[in-house]
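J.: Pasting in a structure now, in structure tokens, and then I'll have a few things to ask.
All of the numbers you see were taken from the coordinates with simple rules; none came from a lab. No experiment lies behind these values; they were computed from the predicted model shown. Cβ sites come from the backbone with ideal geometry, for glycine too, and all protein chains shown count toward neighbours.
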Amino acid sequence: MRTSTLTALALACTATVALIPAAAIGGPNRAESTHRQDDDDAAEHRAVLNGDVLPMARILTLATGYQAGHVIEIDLDSKRSGLTYDVNVLTADGRLRELVIDARNGKLITNRADDD
């Protein structure tokens, strides 16, 4: 599938899911979810500003060393194990790989096919 098709499909799915009320799917209410996301975002921003995580430019260099291709998406995430960068790389043969990189030390945690 072409990258533009994957992007359009992802946006359509995101838009559709966003229309479903959290209560209808048994999840937390929207206010709680938004508040939790704001807290996560604030913690991520503090970590970057304090130098607790590697800068994105360094992660981009590491990612292309771990997996040849073009980085098409990068996201700093808070997980139970700590902060990670989730990096999507499009390979020369058109496959999408998802790399998870430790944000503090740059070590590769996973490199797997992104079948989503």
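J.: Compute the distribution of all C-alpha to C-alpha distances in the range 49-116, in bins of 5 Å from 0, and list the percent of pairs in each, rounded to whole numbers.
T.: Per 5 Å bin, starting at 0, the Cα pair percentages come out as 4, 19, 32, 24, 13, 6, 2, 0.
J.: Under a crude label model (7 Å from the Cα following the beta-carbon direction), how far is residue 92 from residue 80 in nanometres?
T.: Result for the modelled spin labels: 3.9 nm.
J.: Another question about this same structure. Mind ranking 78-87, 105-114 by how tightly packed they are, going by the mean number of other C-beta atoms within 10 angstrom, highest first?
T.: Details: 78-87: 16.2, 105-114: 12.5.
In descending order of packing, they fall as 78-87, 105-114.
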